[in-house]
1. Among (1) out of contact with any Leu (no Cβ under 6 Å at 6 or more places or on another chain); (2) more than 16 Å from the ligand (Cβ to nearest atom); (3) hydroxyl-bearing (Ser, Thr, Tyr), where does Tyr164 come up short?
2. Here are Ala180, Ala252: which of them is in a helix (DSSP H, G or I), assigned by TED's automatic domain parsing to the domain that holds Thr159 and either touching a Ser or Thr at 6+ places or on another chain (Cβ under 8 Å) or without any contact (Cβ under 8 Å) to a residue 12 or more places away in the chain (or both)?
3. Enumerate the pairs (first residue in the stretch 56-74 and within 17 Å of Ala95 (Cβ to Cβ); second residue anywhere and among the aliphatic types (A, V, I, L, M) and part of a loop (DSSP other than H, G, I, E, B)) with beta-carbon separation below 6 Å, excluding pairs fewer than 6 apart on the same chain, so at least 6 apart or on different chains.
4. Please go through (1) surrounded by fewer than 16 Cβ atoms within 10 Å (Cβ to Cβ); (2) more than 21 Å from Leu210 (Cα to Cα); (3) in contact with a Cys (Cβ under 7 Å, 6 or more places away or on another chain) for Cys108 and return the number of the only condition it doesn't satisfy.
5. Quick check: is even one residue across the stretch 111-120 within 28 Å of Val18 (Cβ to Cβ), of a type outside the set (Ser, Thr, Tyr) and more than 16 Å from the ligand (Cβ to nearest atom)?
Amino acid sequence: MTAPFLDKEEIRPSDRLVLMQGEQVLMSGEDYLWKGSDAATVPGIEGAILVEDGDERLLVTDLPEQASLPAGIEPVSMRGLLFRSEQALLTAGKANQYLHWIRSHRHCGYCGIQTIASDNELALICRQCGHHFFPRINPCVIMLVVRGREILLARNARTRSGFYSCLAGFIEAGESAEQAVQREVREECSLEVANLRYFKSQSWPFPSQLMLGFYADYVGGEIIPEEAEIEEAGWFDVDDLPQVPSAKISIAGELIEHYAEQVRNGRF
Ligand SMILES: [Zn+2]
């Protein structure tokens, strides 16, 4: 494997490059992907991280906050970019996760000494105590609770986006994904569920979640929303839904759309 931490001289003209400065992505016109051959024209690039190997490698680099940008380069928020397309979510999202990992592991969590980049693997190493730190993801469950033609949707108390969506939450240490589904539904809405069916998973780079999607059948209880998490929750007929996330970009939208189709086709 190629060493994942590259010097500027190791950037190839054919590489694809995501340029970031703080939480902003630098746009080349309407495009967030630069060519490796552009690296010479942007001041402040000292090196890059290899995100994907292959013929057209994907690299990400973090420009210093004080680097002044040439005219024509437009910084946009990473979060804003990721919602533009599924491709942006996958590519720029992955690059962003790697940077987030590096920024949050500059020091060893055991002894506090600065970490250094490994020569041969994607790892940060503590020179004093030898600990290796690898990019990490945080597993979460996201579940659509169903009751015949109806699905349980909730509005998040913190994001206040206006959208209704599935329930979701982090898997706790020592817990299976299935246990997490049952606990989250109980905690957030005071309902009991059974017959869990795994649907699919999605990387969700805000900043580094892996969402495991499930369907779960309602078996009992009355909805009592947990105030800190849920602004409002209720049952909705699949043919009379409120504003829900797009199925093109989020697993929540896919869970909802896929179930609604099954109901309409008489299969649930
Ligand atoms: Zn250490």
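The values are calculated or read from the model by the stated rules, or taken from the named source; none is laboratory data. From a predicted model like this one, the values you see are computed outputs, not experimental measurements. Note: ideal-geometry Cβ built from the backbone for every residue, glycine included; neighbour counts use all protein chains shown.
1. The single condition Tyr164 does not satisfy is (1).
2. Values: Ala180 fails: either touching a Ser or Thr at 6+ places or on another chain (Cβ under 8 Å) or without any contact (Cβ under 8 Å) to a residue 12 or more places away in the chain (or both).
Among Ala180, Ala252, only Ala252 is in a helix (DSSP H, G or I), assigned by TED's automatic domain parsing to the domain that holds Thr159 and either touching a Ser or Thr at 6+ places or on another chain (Cβ under 8 Å) or without any contact (Cβ under 8 Å) to a residue 12 or more places away in the chain (or both).
3. Thr61/Ile45
4. Here Cys108 clears every test but (1).
5. Of the residues in the stretch 111-120, the ones within 28 Å of Val18 (Cβ to Cβ) are 114-120.
Checking the rest, the ones that are also of a type outside the set (Ser, Thr, Tyr) come to 114, 116-117, 119-120.
Cutting the leftovers down to more than 16 Å from the ligand (Cβ to nearest atom) gives us 119-120.
Yes, some residue in the stretch 111-120 is within 28 Å of Val18 (Cβ to Cβ), of a type outside the set (Ser, Thr, Tyr) and more than 16 Å from the ligand (Cβ to nearest atom).
Residues checked against (1) crowded, with 18+ Cβ neighbours inside 10 Å; (2) among the small types (Gly, Ala, Ser):
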position: Glu9; (1), (2): no, no
position: Gln21; (1), (2): yes, no
position: Gly29; (1), (2): no, yes
position: Val42; (1), (2): yes, no
position: Gly47; (1), (2): no, yes
position: Asp55; (1), (2): no, no
position: Asp62; (1), (2): yes, no
position: Glu65; (1), (2): no, no
position: Pro70; (1), (2): no, no
